[in-house]
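Below is one structure, written out as structure tokens; the observations come after it.
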Amino acid sequence: MAVTNQTELRSVYREPMPRAAQKVVDRLDVHCRKFIALSPFCIVSSTGVNGRADASPRGDHPGFVQVLDDRTLLIPDRPGNNQVDSLQNILVHPVVGLLFLVPGMNETLRVCGTAEIVTDPELLAPLAIRNRVPVSGLRITITDAFLHCGRALLRARLWDPEAQIDRGDYPTYGQVLADQIAGANAQEIDASEDEANREQLY
């Protein structure tokens with residue numbers, strides 16, 4: 001049976017503990033700032049035309065997301081496939097959700113806000129790596145933020161080395177694309193990706 005309304009939903013779940021709502025803050029306090037400074041990875045969720053949802057990974061050195069002030073973040077857009085799904089979504093619906101992870105920590109930081117795409121070289125210059133300034137960034141105005149408990153990552157054993165798969169248990173990126181795209185060559189794709197990963201991270 002599908003749940004279709006709040007009453008049905010609450011019949012399945014008990015009421016949340018008061019602190020679940022009390023922990024939500026409307027600005028980046030000292031703990032949020034510290035978490036972001038330690039984080040080398042976050043996921044950006046967005047919604048595009050016709051309500052199509054998307055979640056996109058962003059990763060770099062710890063602290064790559066810059067805290068401009070207690071309500072503003074700046075995320076560099078590093079080189080990728082130039083499909084710019086998230087950026088196109090934000091042009092339509094600027095509301096975004098962010099999930100920050102820190103290796104070795106089971107808690108995550110959730111941040112919600114509104115985003116805009118910025119291209120100001122002076123604003124983006126501090127985010128340069130190897131003298132390469134990102135062509136754009138996401139400036140996010142915070143509406144709320146909170147620390148999420150660690151149970152999901154504990155269940156996933158995300159940081160447990162013994163939980164890592166043998167890489168041979170899953171096809172290479174090139175093989176997956178060759179199976180999905182008529183005429184694509186797995187070896188050529190893998191070689192191209194290896195070169196891009198060496199030479200074009202920034």
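Values for this structure:
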| item | result |
| --- | --- |
| Residue count, the range 9-57 (criterion: in a loop (DSSP other than H, G, I, E, B), within 21 Å of THR143 (Cα to Cα) and within 13 Å of the chain's Cα centre (by Cα)) | 1 |
| Flag if ASP85 is at pLDDT below 95 and either touching a strand residue (DSSP E or B) at 6+ places or on another chain (Cβ under 9 Å) or open to solvent by less than 10 Å² (accessible area, probe 1.4 Å) (or both) | yes |
| Scope the range 44-55; condition surrounded by 16 or more Cβ atoms within 10 Å (Cβ to Cβ) and modelled with pLDDT of 95 or more; matching residues | VAL44, SER45, SER46, THR47 |
| Pairs where the first residue, in the range 54-73, is acidic (Asp, Glu) and the second is in a strand (DSSP E or B), C-beta under 6 Å, 6+ apart | ASP54/SER46 |
| Odd one out for TYR173 among (1) over 19 Å from ASN82 (Cβ atoms); (2) hydroxyl-bearing (Ser, Thr, Tyr); (3) touching an Asp or Glu at 6+ places or on another chain (Cβ under 9 Å) | (1) |
| Inter-residue pairs, beta-carbon under 6 Å, first under 13 Å from LEU101 (Cα atoms) and in the range 132-159, second of a type in the set (Ser, Thr, Tyr), 6+ apart | HIS148/THR108 |
| Residue pairs meeting the criteria (Cβ under 7 Å; at least 6 apart or on separate chains; first free of Cβ contacts under 8 Å to residues at least 40 places away in the same chain, in the range 172-183; second part of a loop (DSSP other than H, G, I, E, B)) | LEU177/ALA184; ALA178/ALA184; ALA178/ASN185 |
| Leading residue by the ranking (nearest to CYS149 (Cα to Cα)) among those in the range 77-116 that are of a type in the set (A, V, I, L, M) and part of a strand (DSSP E or B) | LEU109 |
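The values are calculated or read from the model by the stated rules, or taken from the named source; none is laboratory data. These figures come from a predicted structure and were not determined experimentally. Neighbour counts are summed over all protein chains in view; Cβ atoms, including those assigned to glycine, are modelled from backbone coordinates with ideal geometry. Areas reflect the complete protein model, heavy atoms only, side chains present, ligands, DNA and RNA absent. Shrake-Rupley method; radii C 1.70, N 1.55, O 1.52, S 1.80 Å.
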